[in-house]
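The values are calculated or read from the model by the stated rules, or taken from the named source; none is laboratory data. Quick caveat, the model's predicted, so the values are computed rather than measured. We place every Cβ from the backbone using ideal geometry, glycine too, and count neighbours over all the protein chains shown. Ligands, DNA and RNA are excluded from the accessible area calculation, which covers all protein heavy atoms including side chains. Shrake-Rupley method; radii C 1.70, N 1.55, O 1.52, S 1.80 Å.
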Amino acid sequence: MELIDGKKISDTIKQEIAQEVESMVANGAKRPHLAAILVGHDGGSETYVAHKVRACEQCGFKSTLIRFEDTVTEAELLERISELNADDDVDGFIVQLPLPRHISEQKVIEAIDYRKDVDGFHPINVGRMSIGLPCFKSATPAGIIELLRRYNIPTKGANCVVLGRSNIVGKPVATLMMQKAYPGDATVTVCHSGTKNITEICRQADIIIAAIGKPGFVTADMVKDGAVVVDVGTTRVPSTLTKSGFKLRGDVDFEAVSQKCSYITPVPGGVGPMTIVSLMQNTLLAAKKELY
Ligand code: GUN
């Protein structure tokens, strides 16, 4: 079994981005600028946004963190989004999800100018991705594809089982894995809470992409010998072993499954760092204005 080292690959890509940024700046361009809106104080969201800000520093980007209390109204948030849409200094921005219940995530996503939507959540970017046009691809699926590419994992004709149908991961990664390209060209099955016989379906899989948010859901009996297992789960569970009092657990029973598979992504250090680096790649793309 080989561990897919997302941390190492993401460090390499950040260095590549930083080099490109320095040569852009040397040629008179401004530094790429990512803004992030964070509403409230959810522990997971605070951590993710802090990692995104840190990654901006590592890539030589400017970053701006905009905070609102969770009492912010939808109208106030939408107003701030239109200011960012109009701000020529900001190349791209994200609104960290989830949002408080009184705010419509869909309205917020659709309010973002698709040309600055570096999360790739706007329907224009989702639609363009699904028909194979250049676009901002959503970060986690793009990061998974990049890992498969950098490890030269064969995907053409492979049976790929995606667990989960979220708009952020399950649906877009299924779309990318079925596209006629490498990595892709796989036969994709999407399983979800309504699926019967998940165990039997998973046992047929050459590649399993688990994104359901249930810690340890994928057990060894669901995995065929030599399969590739990508674990997107990041559930925070209480732990006495860490300073924060939490640790991250994936959707895969790592101990048992790693004995059977050919490749596996660890949690943490697998898909997570790649998600952030995909956001950096999208921000660089936005700054270069080559896409839109
Ligand atoms: N919440 C969980 N994942 C993401 C992400 O990729 N982007 C944003 N904005 N919020 C998230």
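In region 159-203, the portion of solvent-accessible area held by carbon and sulfur atoms comes to 52 percent [1.4 Å probe, whole percent, DNA, RNA and ligands not counted]. If you take every DSSP beta bridge fully contained in region 145-292, what fraction is antiparallel? Give it as a percent rounded to 5. About 20 percent, rounded to the nearest 5. Put a plus charge on the Cβ of each Lys and Arg, a minus charge on the Cβ of each Asp and Glu, and nothing anywhere else: the dipole of the chain about its Cα centre is then about 540 debye. Using Cβ point charges alone (K and R +1, D and E -1), the dipole size of region 1-138 about the Cα centre works out to roughly 280 debye.
Summary of packing: across the peptides 26-36, 245-255, the per-residue average of other C-beta atoms within 10 Å ranks them, highest first, as 245-255, 26-36. Working note: Karplus 6.51/-1.76/1.60 with θ = phi - 60° gives region 75-80 the couplings 4, 5, 5, 5, 5, 5 Hz, where Gly and Pro are set to x.
Here the peptides 75-85, 281-291 are ranked by packing, the mean other Cβ count within 10 Å, and the order with the highest first is 281-291, 75-85.
In sequence order, region 255-269 has phi-based couplings of 3, 7, 5, 5, 6, 9, 8, 8, 9, 8, 8, x, 10, x, x Hz under the Karplus curve 6.51 cos²θ - 1.76 cosθ + 1.60, θ = phi - 60°, and Gly or Pro positions carry x. Amide H contacts for PHE246 (H built 1.01 Å from N in the peptide plane; partners 5 or more residues away or on another chain; cut-off under 5 Å): SER239. Tell me the net charge near ALA286. Cut-off is 13 Å between Cβ atoms, ALA286 excluded, with +1 for each Lys or Arg and -1 for each Asp or Glu. Combined, the nearby Lys, Arg, Asp and Glu give 0. Near PHE93, the amide H atoms lying under 5 Å from its own belong to ALA35, VAL118; only residues 5 or more places off or on other chains count, and H is placed 1.01 Å from N. In the full protein context, region 172-256 carries 51 Å² of accessible surface per residue, based on a 1.4 Å probe and ignoring ligands, DNA and RNA.
Scanning residues 5 or more positions from VAL190 or on other chains, those with amide H under 5 Å from its amide H are VAL162, with H placed 1.01 Å from N in the peptide plane.
Net charge of the neighbourhood of SER258, taken over other residues with C-beta under 11 Å away and scored Lys/Arg +1, Asp/Glu -1, is -3. Ligands, DNA and RNA left out, the accessible area of region 1-46 computed with a 1.4 Å probe is 50% carbon and sulfur.
Candidates PRO32, GLN106, PRO134 compared by Cα position along the dipole of region 24-142: farthest toward the positive end lies PRO134, with charges placed on Cβ.
At a probe radius of 1.4 angstrom, the accessible area of region 34-170 per residue rounds to 45 square angstrom.
So which of LYS30/LYS137; LYS7/LYS180; LYS243/LYS288; LYS52/LYS224; LYS243/LYS289; LYS171/LYS247 end up more than 32 Å apart, counting from Cα to Cα?
LYS243/LYS288; LYS52/LYS224; LYS243/LYS289
Scalar couplings 3J(HN,Hα) for region 140-146, obtained by applying the Karplus form with A = 6.51, B = -1.76, C = 1.60 to θ = phi - 60°, are 5, x, 4, x, 5, 4, 5 Hz; x denotes Gly and Pro. Dipole size of region 59-198 about its Cα centre, with +1 on Lys/Arg Cβ and -1 on Asp/Glu Cβ: approximately 1040 debye, rounded to the nearest 20.
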